[in-house]
Amino acid sequence: MQRLICRPACMVVACALLAAGLAGPAAFGQAAQTGPGKELKVGVLVPLSGPVPDFGWSTRDGILLAVDDWNARGGVLGARIVPLVEDSQCSAGPATVAANKLIVKDRVHYVIGEVCSSASIPVAEITNAARVIQITPSSTYPDVTVAKDGTTRPYTFRVCFTDPFQGSVAGRFAYGYLKARKAYILLDPGNGYVRGQAETFEAEFTRAGGRIAGKGVYTGGTSSDFSRLLELVRTTSPDVIYLPDYYNVVNVVCRQARSMGITTPFLGGEGWDSAELDKSATSGSYFVNHYAFEEQGPEMQQFQKVWTSSHGEGAKPPGVLAALGWDAANLLFTAIAKAGVDDPDAVRAALAGISFAGVTGAMTFDAKHDPAKPGYIFEINNGSVRYLATIMP
């Protein structure tokens with residue numbers, strides 16, 4: 001999500017890997033044996049503290065449900081799956097430390113995570129140097145799977161769509177469905193997650209014939225008073241306000257906007273999806289998301305069955321981060337089963353050619369290890385969030 005790369009820390013970790021003799025799977029000896037009585041260790045990097053713990057706990061729940069489901073059916077290749085969960089805090093420093101521990105000390109071959117791109121990018125540098133498979137459930141920034149030189153990171157995959165895709169979906173929805181002709185964009189230009197969506201929203205919206213009435217910039221993490229920006233928004237009378245940030249920022253902006261009498265609908269991305277979203281302040285607004293619980297295929301029915309078994313009848317439906325965590329874990333275990341061996345290179349080849357049906361959509365991977373998936377639009381109204389539309393790639 002946010003783009004923050006800590007290269008010095010990554011270089012230190014890479015040196016630690018080399019010093020430990022863990023430059024690749026060969027350093028682990030032969031591929032780990034599987035079968036009855038054996039264990040398959042899987043690293044799980046999620047932010048259980050930090051700025052977005054709600055995302056981390058939800059993702060972890062989805063992953064662990066998938067682990068329990070597979071173990072109840074005999075595990076993977078007869079081996080029991082053992083998840084090793086680390087709090088990576090949606091931050092480069094803690095994430096690289098946790099990844100180093102998982103690879104050097106715990107000697108995992110597979111890592112699920114991180115949630116935020118700011119953490120997944122430096123982790124990707126470590127996992128690829130060590131030739132360890134990494135699957136991120138929800139890191140949407142393009143640089144997660146693609147290195148600075150433009151080459152695809154061979155051991156990193158994602159199950160979510162990218163920021164440019166969801167920005168373009170929002171632009172198409174604003175112009176075609178909302179009939180908006182004038183939009184105002186609020187963004188934190190230092191946050192790659194926000195900036196990536198804003199850029200493609202603008203491109204898609206203007207390509208369709210819309211006009212950007214203005215842009216208001218703020219600094220995430222330090223901005224708490226948005227009244228000056230919102231006064232500028234008011235003077236332009238836009239049809240829609242595009243705010244592609246996380247729920248914690250969205251709550252503050254929308255509360256202040258409503259207190260100032262601004263009733264214009266807001267529109268955002270999947271960072272809005274949280275139990276902590278203020279549904280009163282955001283009422284009448286919309287956001288793009290990765291899946292719709294209402295689309296009941298066989299994969300969703302199985303997910304719902306396992307979720308209900310764990311959380312009880314009448315429990316709230318699983319959120320998108322739980323669904324993405326579930327899909328990331330199931331994708332990994334399916335690829336290991338398809339490879340027929342606990343070996344990262346064999347699993348990498350299986351992932352590259354896989355056709356996987358998940359609860360967030362059927363997916364195959366392109367040359368950048370990104371899946372082609374639809375975007376789902378949700379509307380917030382009267383304290384509830386409801387599925388509204390599906391927009392295909």
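Once both axes come from the Cα atoms, what is the angle between helix 298-311 and the longest principal axis of the chain, in degrees from 0 to 90, rounded to 10?
It is inclined by approximately 90 degrees.
If you place +1 on the Cβ of every Lys and Arg and -1 on the Cβ of every Asp and Glu, how big does the dipole about the Cα centre of region 164-289 come out, in debye to the nearest 20?
500
From the phi angles alone, apply the Karplus equation (6.51, -1.76, 1.60; θ = phi - 60°) to region 82-99 and give each ³J(HN,Hα) in whole Hz, x where the residue is Gly or Pro.
Along region 82-99, the couplings run 10, x, 10, 8, 10, 7, 9, 6, 6, 9, 4, x, x, 5, 5, 4, 5, 5 Hz.
Which value results for Rg/Rh of region 261-393 when Rg is the Cα radius of gyration and Rh the Kirkwood radius based on the inverse mean 1/r? Intermediate results must be reported in sequence, preceding the final value.
Numbers: Rg = 17.2 Å, Rh = 16.5 Å.
With Rh from the inverse mean 1/r over Cα pairs, Rg/Rh is 1.04.
Please compute the net charge surrounding D366, taking Lys and Arg as +1 and Asp and Glu as -1 over other residues with Cβ under 12 Å from its Cβ.
For residues surrounding D366, the net value is +2.
Take V217 and E39, extend 7 Å from each Cα along the Cα→Cβ direction, and tell me the distance between the two endpoints in nm.
Taking the simple label geometry, V217 and E39 are separated by 5.0 nm.
What are the residues whose amide H is under 5 Å from the amide H of A79, where those residues sit 5 or more places off or on another chain and H is modelled from the backbone?
G35
Out of the trypsin sites (Lys or Arg not before Pro) in region 34-79, which ones are loop residues according to DSSP with at most 11 other C-beta atoms within 10 Å?
Sparse-neighbourhood loop trypsin sites (Lys or Arg not before Pro): R73.
Scan the chain and hand back the longest stretch that contains none of the GluC sites (Glu not before Pro) lying in DSSP loops with at most 15 other Cβ atoms within 10 Å. Numbers along the way, then the final one.
Details: sites that count: E276, E294, E295, E313.
In the chain, the maximal stretch lacking such sites is 1-275.
Among V111, I380, G261, pick out the residue whose Cα is farthest towards the positive end of the charge dipole of the chain, where Lys and Arg carry +1 and Asp and Glu carry -1 on C-beta, about the Cα centre.
G261
Need one number: convex hull volume per residue for region 164-289, Cα atoms only, in Å³.
Normalising the Cα hull of region 164-289 by residue number yields 88 Å³.
Given the chain, what percent of its DSSP beta bridges are antiparallel, to the nearest 5?
DSSP beta bridges in the chain are roughly 40 percent antiparallel.
In nm, give the distance between the simple-model label positions of D366 and N71, each being 7 Å from the Cα along the Cα-to-Cβ direction.
Inter-label distance under the simple model: 3.7 nm.
Put +1 on the Cβ of every Lys and Arg and -1 on every Asp and Glu Cβ in the chain; which of N71, G214, F333 then has its Cα farthest towards the positive end of the dipole?
Of N71, G214, F333, it is G214.
How many lysine pairs in the chain, separated by 8 or more positions in sequence or lying on different chains, have Cα atoms less than 22 Å apart?
Lysine pair count for the chain: 12.
What would the Debye formula give as log10 I(q)/I(0) at q = 0.10, 0.12 Å⁻¹ for the alpha-carbon point model of the chain, no solvent?
Result of the Debye calculation: -0.63, -0.89.
Roughly how tilted is helix 227-236, in degrees to the nearest 10 and between 0 and 90, from the longest Cα axis of the chain?
Computed tilt is about 60 degrees.
Compute the acute angle (0 to 90°) between the alpha-carbon long axis of helix 53-72 and the principal axis of greatest extent of the alpha-carbon atoms of the chain; round to the nearest 10°.
40
Read-outs: derived from the displayed coordinates by stated rules, not from any lab. Keep in mind it's a predicted model, so treat the numbers as computed, not measured. As a convention, Cβ positions derive from the backbone with ideal geometry for all residues, glycine included, and neighbour counts pool all protein chains shown.
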